[in-house]
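Student: Quick one: the structure is below, questions incoming.
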Amino acid sequence: MSIEVERKFLCSANTLKTLKEIGVCAGQRQFHDQYFDTPQFHLTLRDMWLRKRTGCWELKCPTTRVKGAEESEASAQCSRYKEITNLSDIKLKLKEVLKDIGEDVTSRKQLSCVTESCQHEIDSVQDQCWARSMNLFVFAEFTTVRQTFTLKEDGVQVDLDEADFGYRVGEIEVLIPEGGDMQAAMDKIERTAKKLGLTGDRQVDGKMSVYLQVNYPEHYARLLSEHIL
Ligand code: V4E
């Protein structure tokens, strides 16, 4: 399991010029994300983000922060999430969380899902049967074109994303192992942000924030009021 530490930014022409000077373009790719939650949004209301990205499942969970600890401006602009990519671990975590909130995952028999729908539907639907059995459905779906840059600074990656609903956002990202040096990761991000000439003290919206604002304004407002976004 790894922890993803990242800072989002809006990429101006100047930022792009600097990025091309200090980084190496590692390529461009396109991916399709499907995000899952219960109809009552039990996962996202716990800041848990389950997605299938071009066939691979990922679950992002919040990391525990030290209560009452002062946060620097640089740290406040970074998000940190634990990333679970092993499907068995994802299912275990989801069972634990959904059991906690009284969602009866055992009563929805996976077998009935298989016999009713999967024989007549495409492979991707079969693959989602376990999710359906946990009452998890796709609530957001979009395609992103991503250009990736690697920087000389060890382990720093910069992604420039354009989602198919028109939103563009950049992110400076460092991956560390669980229990790894969070401060060192944030320092790397801060140094990179300075090199790119980034200013501003507010967190920049990610693709999902913008998607929710448009498609689920009430849920978005709730996530804001509960300080999840
Ligand atoms: C963690 C999270 C979400 C899941 C998607 O995360 P994000 O990093 O925005 O997407 P993406 O496509 O860049 O994933 P990557 O390729 O880096 O793995 S959706 C909303 N959140 C919460 C969240 C937050 N609270 N604050 C910020 C700045 N971003 C996301």
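The values are calculated or read from the model by the stated rules, or taken from the named source; none is laboratory data. Not measured: the values here are computed from a predicted model. Heads up, the Cβs are rebuilt from the backbone with ideal geometry, glycines too, and the neighbour counts pull from every protein chain shown. Accessible surface areas use protein heavy atoms only, side chains included; no ligands, DNA or RNA. Shrake-Rupley method; radii C 1.70, N 1.55, O 1.52, S 1.80 Å.
Student: Going residue by residue through the range 160-175, is there one that turns out to be open to solvent by 10 Å² or more (accessible area, probe 1.4 Å), over 17 Å from R7 (Cβ atoms), in a loop (DSSP other than H, G, I, E, B) and touching a strand residue (DSSP E or B) at 6+ places or on another chain (Cβ under 7 Å)?
Tutor: Yes, that holds for at least one residue.
Student: State all residues of the range 56-99 that are open to solvent by less than 20 Å² (accessible area, probe 1.4 Å) and modelled with pLDDT under 95; if no residue qualifies, say none.
Tutor: Across the range 56-99, the qualifying residues are S75, Q77, C78, V97, L98.
Student: On to the next question. Return yes when Q128 is buried (at least 19 other Cβ atoms within 10 Å of the Cβ), under 29 Å from L87 (Cβ atoms) and at pLDDT below 90 and no when it is not.
Tutor: Yes, satisfied.
Student: Then there's this: Which of the residues belonging to the range 19-40 are crowded, with 16+ Cβ neighbours inside 10 Å and not in a helix (DSSP H, G or I)?
Tutor: G23, D33, Q34, Y35, F36, D37, T38
Student: Starting from residues that are of a type in the set (K, R) and away from the ligand (no atom under 13 Å from the Cβ), keep the ones in the range 170-229 and report whichever is farthest from S75 (Cα to Cα).
Tutor: R222
Student: Which one of the conditions (1) open to solvent by 50 Å² or more (accessible area, probe 1.4 Å); (2) assigned to a loop (DSSP other than H, G, I, E, B) does Q147 fail to meet, given that it meets all the rest?
Tutor: (2)
Student: Let me ask another. Can you spot a residue in the range 2-18 that is open to solvent by less than 30 Å² (accessible area, probe 1.4 Å), away from the ligand (no atom under 11 Å from the Cβ) and either polar (S, T, N, Q) or part of a loop (DSSP other than H, G, I, E, B) (or both)?
Tutor: yes
Student: Go through the range 186-200 and report how many residues are more than 11 Å from L151 (Cβ to Cβ) and open to solvent by 100 Å² or more (accessible area, probe 1.4 Å).
Tutor: So the first thing to find is which residues in the range 186-200 are more than 11 Å from L151 (Cβ to Cβ), and the list is 186-187, 190, 193-194, 197-200.
Imposing the further condition that a residue be open to solvent by 100 Å² or more (accessible area, probe 1.4 Å) reduces the set to 194, 199.
Residues flagged as more than 11 Å from L151 (Cβ to Cβ) and open to solvent by 100 Å² or more (accessible area, probe 1.4 Å) within the range 186-200 amount to 2.
Student: May I ask you to say which residue of L45, L50 is of a type outside the set (G, A, S), modelled with pLDDT of 95 or more, within 16 Å of the ligand (Cβ to nearest atom) and open to solvent by 30 Å² or more (accessible area, probe 1.4 Å)?
Tutor: Exactly one of L45, L50 is of a type outside the set (G, A, S), modelled with pLDDT of 95 or more, within 16 Å of the ligand (Cβ to nearest atom) and open to solvent by 30 Å² or more (accessible area, probe 1.4 Å), namely L45.
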